[in-house]
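Okay, so here's the structure we're looking at.
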Amino acid sequence: MAAIRGASLKQVARVTVSFCPFDPVTATARAFLLRISCRSMIDSNPKCQVISNFKNDGSAPVVEVLFNDKDTLTMKTSGLKLMDMLATFNNKCREKAASG
């Protein structure tokens, strides 16, 4: 749970979560979307766009994060656990906050 504590969208312009809703390997992408779209996260940056992109083409689930400085973080979630994704996301956000 330490990965969730202190999470914020302050440095984020857009989060896009793309997945096939019928594929069982999309559970991590769905859980990440749920965490990112909760009220406390949205309140941290109301201008941040959270986009869910449902595909039915069998493609791998992907999370793309666009930061305010136009840098991107792309995570292919089929082999990741939720806590690993949240830790990576939080670390990148903290780097952005520290750099200005």
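The values are calculated or read from the model by the stated rules, or taken from the named source; none is laboratory data. From a predicted model like this one, the values you see are computed outputs, not experimental measurements. Ligands, DNA and RNA are excluded from the accessible area calculation, which covers all protein heavy atoms including side chains. Shrake-Rupley method; radii C 1.70, N 1.55, O 1.52, S 1.80 Å.
Please report the relative contact order for the range 52-100, taking Cα pairs under 8 Å with a sequence separation of at least 6, and give it as a percent rounded to a whole number. RCO, the range 52-100: 24 percent. For V50, the residues whose amide H sits under 5 Å from its own are V15, ignoring neighbours fewer than 5 places away on the same chain, with H placed 1.01 Å from N.
Would you mind calculating the relative contact order of the range 13-100 from Cα pairs under 8 angstrom and at least 6 residues apart, reporting the percent as a whole number?
Contact order relative to length: 37 percent.
Note on the chain: with neighbouring protein chains present and a 1.4 Å probe, carbon and sulfur make up 52 percent of its accessible heavy-atom surface.
Size of the chain: Rg and Dmax of its alpha carbons, in Å, are 12.9, 41. The count of lysine pairs in the chain whose Cα atoms are under 18 Å apart, excluding pairs fewer than 8 places apart on the same chain, comes to 11.
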